[in-house]
């Protein structure tokens with residue numbers, strides 16, 4: 001069941017880091033990403049609403065600063081490796097990429113002036129899927145997973161944070177994780193059931 005053979009977490013981290021290196025070289029600044037590059041490849045709602053739909057995807061791989069990418073890649077490493085134990089490669093990539101897109105689509109509600117970058121919506125999607133799949137697949141109460149998800153969402157909010165992308169990604173992850181946990185057959189649940197029967201993720 002797991003995607004350990006392919007190590008998608010390491011691949012995604014490498015892609016994000018490679019993109020940051022590229023934007024740093026082109027923009028001439030290693031600490032902060034050039035504003036014009038963020039306008040071109042990030043999610044600028046005004047441009048998205050006028051047909052630049054590719055930004056809904058490319059913005060997931062652009063980060064505003066070295067601190068921004070460092071924090072995101074740390075959480076991707078933590079929850080990504082856990083997700084590899086639970087999901088097949090197509091499931092894992094679907095949760096990450098579609099969840100990230102869902103978060104970006106939801107953040108269009110902020111209006112045309114929003115400029116947003118980062119992988120946090122996709123990471124929240126992966127996190128949501130991990131915490132609820134673990135509970136649902138062994139038929140435990142999902143209340144603890146929901147409380148844990150809400151708590152992480154709460155502490156991650158703040159000025160300059162795209163909360164709607166987090167909410168959209170997390171919501172998608174919780175839904176798909178719940179569905180996958182419900183659909184798992186008993187013989188496919190053993191690796192989750194006997195590794196971490198109580199842990200929220």
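The numbers here are math on the coordinates, done by the rules we state, and not lab data. What you see is a predicted model, and the numbers here were worked out from it, not measured in a lab. All Cβ positions, even for glycine, are placed from backbone atoms using ideal geometry, and neighbour counts span all protein chains on display.
Site pair residue 155 and residue 7 shows an inter-label distance of 2.9 nm when each label is modelled 7 Å from Cα along Cα→Cβ. Relative to the longest principal axis of the Cα atoms of the chain, the long axis of helix 89-106 makes an angle of roughly 50 degrees. By the Stokes-Einstein formula, at 0.890 mPa s and 25 °C, the chain with its Kirkwood radius over alpha-carbon pairs has D equal to 144 µm²/s. Compared with the dominant principal axis of the Cα atoms in the chain, helix 143-156 is inclined by about 20°. Taking the average, over residues, of other Cβ atoms within 10 Å as the packing measure, peptides 118-124, 90-96 rank 118-124, 90-96 from highest down. As a proxy for reagent exposure, ranking 61, 151 by other Cβ atoms within 10 Å from fewest up yields 151, 61. Seen against the Cα atoms of the chain and their longest principal axis, helix 120-137 is set at about 10 degrees.
The modelled label-to-label distance between residue 34 and residue 18, using points 7 Å beyond Cα along the C-beta direction, is 2.0 nm.
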